[in-house]
Every structure is written in structure tokens, then in C-alpha cells.
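Single-structure report; data block below.
The values are calculated or read from the model by the stated rules, or taken from the named source; none is laboratory data. The shown structure was predicted, so the numbers you read here are calculated from the model rather than taken from an experiment. So basically every Cβ, Gly included, is an ideal-geometry build from the backbone, and we count neighbours across all protein chains shown. Calculation scope for accessible area: heavy atoms of the full protein, side chains included, ligands and nucleic acids excluded. Shrake-Rupley method; radii C 1.70, N 1.55, O 1.52, S 1.80 Å.
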Amino acid sequence: MIRAVQSLLFLFCFVAACGAQTESLTIGPGDLLHVKVLEAPDLEQSARVTDAGTFTLILGGSVHVAGLTPPEAALAIEHVLVEGHYLLTPHVSVMTEQTATQNVTIMGQVRSPGSYTIGTSRPILDVLALAGGLTDLADRKVTIQRHASKERVTFLVSNSADTALDGSVAVFPGDTVLVAKADVVYILGDVNRPGGFAMVTNDQKLSAVQAISLAGGTPPNAVPSHARLIRKQADGSRVEIPLQLSAMEKGKKPDIQLQADDIVYVPFSYARNMAVGAGGLVSATSSAAIYRF
């Protein structure tokens, strides 16, 4: 009777452990695993995963477990025990007692990039906070590379608090978090706040009229009707496109979506409109202040 109760308790713990490990944390070389077999207590063991990604069983030899979640590794071990005719219907549980890598690497557009110690999985927003948060030029799409499977997961740090919190993903020890630099467009010439503007909206889109508004609009002496768009081509050359901003602002012409590294130039006067060439404007971007909106 006592033995039956112990078996039931073990089975309960086994099911609970499997249910608790539904996350995507995968096993990697050097991880310390604890393996239990319900039908054979003598096969319980703790050992580390080899550099080759295998786990050596007391019976059954080596099983490749790197890149698998603990429940997946348990199924792989069960298969080996059945195929080797050691047990007919084994029930295996696998738990990660210790991960070999306890650090997460955070790179790119964060205030303090580097390697940070985490003992267990953490929400992506918590991990970004360890590095001081995003910079003003950070792309909203953050990439997470898993340490064992090398799978890449993308998470959008939404400008909406509810969306960012509700859709958070987990970062595990050994993962790498990369925050790329956002695309920038430049608004130069006779505007109230000339400079570069990072495209940090959720959809990473910015129109010409929106960009002029972010630059503080145009003063009375400006000539927005003769504005120009300087756009970089695939071959590296630049093309100039007339931009009728006045008509766009009044709704008489359709607004256009800007692309990365676009330069919008609003002339100071009709006379000076032709005096500033595309080359000079491109050079001016190197010293332009960059703003986040």
C-alpha cells in the first residue's frame, strides 16, 4: 500500500514537473540534468551534458539532448529505453538542475551593453532594464538568439504599455539580446528644428508631413512648395525628387512615406533653393543632431 502511494506521488510530481516546463528553455552542453524513471528508481541520476550535446544514461548509452526542452529530452530517453528493450513503457522526467551558462549578453542600442548574470528565465523587459533600457536610437524590434538551438525570436517593444507587457517573451541564461539601431531620416533647411529623426514608431513608418511636423514646422520665410527629397538608391547614388510639401499639408497632394536615410530639404528662399546641392546636404547629415519622438 505504501509503495503504491509513493508511486502515485512520484507520478504526480512527474506530471507537475512536465507541466511546469512548457517554456522554450532548451538544454545545452554543460547543463546539469536530473533524470528519473518512474518504473526503475535505480536509474535515477544526475549528470552533465557533454560538449557534444549528449547525456550518458546508466542503461541505454548516450542520448543527444542539446537543443531539446526537458520534456522533449524525457521523450528521447523513453524512446532509447524502449528501443533497447530495457523497459516496456517507461515514464521519464528530466529537470535542469543547473545551466552551464548563467549570463545573458545584451548588445546594441542599450545604455549599458554587456554580459549580465541571470540564474533563471527573465522577461525581456526585465533583461533590457539590466542594461539601462533602450537608447533614443533603438529599433523597437529586439532580437533574441537562444543559446542552444540558435533560434531567433523577435519581440516588439511597443510604444503601448499594455501591448509591451502582455506580449512579453522570456530570456534564458546564455541567450543573446541584440537591439539594432533604428532607421533615421533627416529634415534640413528652413525648419524650426533641423536634424535627424529616428523612426521609432511601432510600424517604423514616417511620412513627409509627419517629419516636417516633428521638425517643428516651417517659419514664414521658408518655401515648402519647393522642398526636395534626396533619396539613396540601391547602387549608392542619390536622386533628387521635388516635394510639394505645401500641397501635401493642405491635402491637395498625397503624402509620401519616407525611407531610411532620406533627406528632406526645405529652402530658405527661392534664390537659395538652387544654391544647395545634394552633396552638401548629404555632408550635413554627419553633423546633424538626432532626435527621438
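In Å², and per residue, what accessible area does the stretch 55-113 have when probed at 1.4 Å with the other protein chains present?
Working: 3060 Å² over 59 residues.
Accessible surface, normalised per residue, equals 52 Å².
Per the Debye calculation on the stretch 135-209 with a single equal scatterer at every Cα and no solvent contribution, log₁₀ I(q)/I(0) for q = 0.22 Å⁻¹ amounts to -1.02. Distance between the C-alpha centres of the stretch 155-229 and the stretch 120-152: 20 Å, rounded to the whole angstrom. Taken per residue, the accessible surface of the stretch 200-241 reaches 50 Å², heavy atoms only and a 1.4 Å probe.
Sort 87-93, 44-50 for me by packing, meaning the mean count of neighbouring Cβ atoms within 10 Å per residue, highest on top. Working shown, then result.
Working: 87-93: 17.1, 44-50: 15.3.
Ranking the peptides 87-93, 44-50 by packing returns 87-93, 44-50.
Which percent of the accessible area of the stretch 110-186 is formed by carbon and sulfur heavy atoms (probe 1.4 angstrom)? Please report the intermediate quantities before stating the final value.
Values: 1720 of 3620 Å².
Carbon and sulfur: 48 percent of the exposed surface of the stretch 110-186.
Taking all protein chains as they are arranged and a probe of 1.4 Å, the heavy atoms of residue 116 leave approximately 50 Å² accessible to solvent.
Per-residue surface analysis assigns residue 101 an accessible area of about 60 Å², computed on protein heavy atoms at 1.4 Å probe radius. Can you pull the percent of Cα pairs in the stretch 35-170 with separation above 22 Å? Across the stretch 35-170, Cα pairs with separations above 22 Å total 50 percent.
Heavy atoms only, probe 1.4 angstrom, no DNA, RNA or ligands counted: give me 111, 152 ranked by accessible area, highest first. If you can, show how the numbers build up before the last one.
Numbers: 111 140, 152 175 Å².
My answer, sorted largest first, is 152, 111.
Solvent-accessible area of residue 240, all protein chains in place: 80 Å² (probe radius 1.4 Å, heavy atoms, ligands and nucleic acids excluded).
Report the FRET efficiency, 1/(1 + (r/R0)^6), for residue 207 and residue 168, where r is their Cβ-Cβ distance and R0 is 51 Å, rounded to 0.05. Provide the component values of the computation, followed by the final result.
Values: r = 30 Å, r/R0 = 0.59.
Efficiency computed from Cβ-Cβ geometry: 0.95.
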